[in-house]
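Colleague: Okay, here's the structure, questions in a sec.
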Amino acid sequence: MWIWFHKFGSPRYFYDLAGRLIPWLGGACAVLMAVGLYLGLFVAPSDYQQGESYRIIYIHVPSAWMSMFVYVVMASAGTVVLIWRVKLAEIIASVSAPLGASFTFLALATGSLWGKPMWGTWWVWDARLTSELILLFLYFGFMALEAAIEDKRTAARATAILSLVGVINIPIIHYSVYWWNTLHQGATVTKMDTPSIHLSMLIPLLLMAAAFQLYYATVLLMGARTELLSRERRTRWVAEVIRNS
Amino acid sequence: MQDFFHMGGYAFYVWPAYALSLVVLMGQLWVAVQRRRKLIRDIEVQNRDPETRT
């Protein structure tokens, strides 16, 4: 097993493996997104209370889920960085930050566009919205701190600590709709009993969520490969890779 | 088709949400591709000119 770890951790091996995975992940993402959008926009019925406006759900909810998922990935990678100083984990955390920030921004912006017709306001200092905004600032803080420290390995440890402190916000976001019963609606899919959403709406939603996951995986691996080349640019394997490209 | 774009009167909210998502996701993808291209060019230059090698 240690040999396997060593092999997987070797930059060259990761670079090649990621290179082979990217087209498959990207292709699967495109297919799921096409089917999900078709079912969500053309096939799914309109909501009996919200009419057609609810269709924003197919991008709002996947974005919001991803905004938290990416943060957990980042904080997990940060843990690995602090304990084992694995370079690959530094890279995964670093590349994840702007992607997570993008998902968070989309969750907030699409939520705002949904809130205006349904709640009559673009923004409200509701617990869910506020904690999601804090998540966006956590991502910005991560990126700013990283940019402020010249040495990449020192930056990785500093940002890892920041991301671990910020992880407290994730359960707050998730439970905010129960702890503070304000404007944002409660969970419909991740409830313990059966989800309170019809199958014809749930299926496109889950397809879009899977597509967003695959999108993240694709762009993360693309970014990680580039970052790996950059950090190892003086090594022989990189020279070889560049010569053969 | 007209109905579809009309979105039951919510077109002004639904379509910007989708357009924004498309722009942000495609933007991140584009940045990833450009960064890789630029880096590969840089490393090629670095390897061609041994002076810059350290």
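Colleague: Could you identify the single residue in A:Met143, A:Met118 that is over 21 Å from A:Ile57 (Cα atoms), within 14 Å of chain B (Cβ to nearest Cβ) and part of a helix (DSSP H, G or I)?
Modeller: Of A:Met143, A:Met118, the one residue that is over 21 Å from A:Ile57 (Cα atoms), within 14 Å of chain B (Cβ to nearest Cβ) and part of a helix (DSSP H, G or I) is A:Met143.
Colleague: Failed condition for A:Ser53, given (1) within 14 Å of another protein chain (Cβ to nearest Cβ); (2) surrounded by 22 or more Cβ atoms within 10 Å (Cβ to Cβ); (3) at pLDDT 95 or above, with all others met?
Modeller: The failed condition is (3).
Colleague: Further question on the same structure: Might you let me know whether the range A:227-236 holds any residue that is without any contact (Cβ under 8 Å) to a residue 24 or more places away in the chain, more than 23 Å from the chain's Cα centre (by Cα), more than 14 Å from chain B (Cβ to nearest Cβ) and not in a loop (DSSP other than H, G, I, E, B)?
Modeller: No, because not a single residue in the range A:227-236 is without any contact (Cβ under 8 Å) to a residue 24 or more places away in the chain, more than 23 Å from the chain's Cα centre (by Cα), more than 14 Å from chain B (Cβ to nearest Cβ) and not in a loop (DSSP other than H, G, I, E, B).
Colleague: Name the residues in the range A:156-183 that are free of Cβ contacts under 8 Å to residues at least 12 places away in the same chain and assigned to a helix (DSSP H, G or I), would you?
Modeller: Those that are free of Cβ contacts under 8 Å to residues at least 12 places away in the same chain and assigned to a helix (DSSP H, G or I): A:Val165, A:Pro171, A:Tyr175, A:Tyr178.
Colleague: In this structure, is A:Thr188 surrounded by fewer than 16 Cβ atoms within 10 Å (Cβ to Cβ) and within 22 Å of the chain's Cα centre (by Cα)?
Modeller: Here the answer is yes, as A:Thr188 does meet what is asked.
Colleague: Further question: Output the number of the condition that A:His184 fails; it satisfies all remaining conditions of (1) over 23 Å from A:Tyr58 (Cα atoms); (2) in contact with a Gly (Cβ under 9 Å, 6 or more places away or on another chain).
Modeller: Of (1) over 23 Å from A:Tyr58 (Cα atoms); (2) in contact with a Gly (Cβ under 9 Å, 6 or more places away or on another chain), only one is false for A:His184: (1).
Colleague: Of the residues A:Ala34, A:Ala30, only one is away from chain B (no Cβ under 12 Å), surrounded by fewer than 19 Cβ atoms within 10 Å (Cβ to Cβ), under 30 Å from B:Gln2 (Cβ atoms) and of a type in the set (A, V, I, L, M); which?
Modeller: Checking each option against the conditions leaves just A:Ala34.
Colleague: OK, next. Looking only at the range A:40-88, count how many residues are touching a Phe, Trp or Tyr at 6+ places or on another chain (Cβ under 9 Å) and farther than 21 Å from A:Ala160 by Cβ.
Modeller: 21
Colleague: Within 14 Å of chain B (Cβ to nearest Cβ) and of a type in the set (Ser, Thr, Tyr): does that describe A:Thr130?
Modeller: Taking the combined requirement at face value, the residue does not satisfy it.
Colleague: Here is a further query. Quick check on my filter: what residues within the range A:90-115 are crowded, with 22+ Cβ neighbours inside 10 Å, more than 10 Å from chain B (Cβ to nearest Cβ), under 23 Å from A:Arg55 (Cα atoms) and not small (Gly, Ala, Ser)?
Modeller: Result: A:Thr104, single match.
Colleague: Quick one: A:Leu207 ticks every box in (1) within 17 Å of the chain's Cα centre (by Cα); (2) not in a helix (DSSP H, G or I) bar one, so which box is it?
Modeller: Result: A:Leu207 passes all but (2).
The values are calculated or read from the model by the stated rules, or taken from the named source; none is laboratory data. The model shown is predicted, which means the values in this text are computed figures rather than measured ones. All Cβ positions, glycine included, derive from the backbone under ideal geometry; neighbour counts span all protein chains shown.
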